[in-house]
Amino acid sequence: MRKQIAAANWKMNLTVDKAEVLLDNILSADISLSSDQLAVFAVPSPYLQLAQQKLNNKENFYIAAQNCYSKKSGAYTGEVSVEMLQSLNIQYVVIGHSERREYFQESNAFLAEKLNIALEYNITPIFCCGEPLSIRDAQTQNEFVSTQLEESLFHFSADDVQKIAIAYEPIWAIGTGKTATSEQAQEMHAHLRKVLADKYGKDVADNISILYGGSVKASNAKEIFSQPDVDGGLVGGASLLADEFIAIIKSLK
Ligand code: 13P
């Protein structure tokens, strides 16, 4: 059965003292997760080790990196390798966030390389896809997002593709307060699952978690997550507030 995941993406926010308080507040809350529900915190690289220590192997809670490089090691100043993440026992990495695609020109082909090395090191990628407003306005979002999947994921075997979680994040809904409606989210998630089923078969597609991201908050999480093809969310702004994110975790189905 596929996992239901509440993933926090802190992006480039919080100083270390505030990060500690936020994690402490969430970890001390009364949250009970079943075996198929996870909470994941994608924290800035300098806080990975601290965050991992704070979790202290708490069941169903994980730390993620927000990015990794496509090479194992070497002269790549400023980059973070999956080998480093593995050495810290980090088990998740966000790959292909729209902010990386937009500000750092990360292409579908380059993201395929990052996915390859993440799987090689047994780190679960949370692979982001999603269309800009111009594509949504032209009503070509399904084709746009299918291409993102085809060019970054479709070289994987059925066994390997099931190790990847997908996050659908329409760019027009990120940080704008303008959430996709639960119907729009469900429609796209069903489309993504069909694209995966056409390539790998229904059983494989049904095993892949597809998260929704874009202005998820405590007040809308339950409705969005209740959609049949939505398996939780990747949350930016609201994940920086303990009470909001606790409520979002509790909204997992
Ligand atoms: P917001 O929740 O702030 O819209 O950000 C979504 C996002 O980009 C998560 O990766």
Pairs returned, first residue in the range 162-177 that is more than 20 Å from Leu115 (Cβ to Cβ), second residue that is among the small types (Gly, Ala, Ser) and more than 10 Å from the ligand (Cβ to nearest atom), beta-carbon separation under 8 angstrom, 6 or more apart or interchain, are Pro170/Ala180; Ala173/Ala180
Residue check: is Ala158 in contact with a Cys (Cβ under 6 Å, 6 or more places away or on another chain) and at pLDDT 95 or above? no
Of everything in the range 117-131, what is surrounded by fewer than 21 Cβ atoms within 10 Å (Cβ to Cβ) and touching an Asp or Glu at 6+ places or on another chain (Cβ under 7 Å)? Give them in sequence order. Leu119, Tyr121
Need at least 2 residues that are more than 16 Å from the ligand (Cβ to nearest atom) and either under 14 Å from the mean Cα position of the chain (by Cα) or crowded, with 20+ Cβ neighbours inside 10 Å (or both) per element, so show me which helices (runs of 4 or more DSSP H) inside the range 1-116 make the cut, counting only ones lying wholly within it. 16-27, 48-55, 82-87
Could you list, in sequence order, all residues of the range 202-228 that are over 16 Å from Ile164 (Cβ atoms) and more than 16 Å from the ligand (Cβ to nearest atom)? Lys202, Ser226, Gln227, Pro228
Which of (1) within 15 Å of His97 (Cα to Cα); (2) among the hydrophobic types (A, V, I, L, M, F, W, C); (3) in contact with a strand residue (DSSP E or B) (Cβ under 6 Å, 6 or more places away or on another chain) is the odd one out, the single condition Ile123 does not satisfy? (1)
From the list Met1, Met84, which residue is under 21 Å from Gly232 (Cβ atoms) and either modelled with pLDDT of 95 or more or not basic (Lys, Arg) (or both)? Met1
Checked pairs for the range 124-137, first free of Cβ contacts under 8 Å to residues at least 24 places away in the same chain, second surrounded by fewer than 19 Cβ atoms within 10 Å (Cβ to Cβ), C-beta under 7 Å and 6 or more apart or across chains, list as Ile135/Phe144
Out of curiosity, is Glu169 within 16 Å of the ligand (Cβ to nearest atom) and acidic (Asp, Glu)? yes
Assess whether Ala180 counts as being more than 15 Å from the ligand (Cβ to nearest atom) and of a type outside the set (Asp, Glu). no
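The values are calculated or read from the model by the stated rules, or taken from the named source; none is laboratory data. Note that the structure is a prediction, hence the values are computed from the model and not measured. Cβ sites come from the backbone with ideal geometry, for glycine too, and all protein chains shown count toward neighbours.
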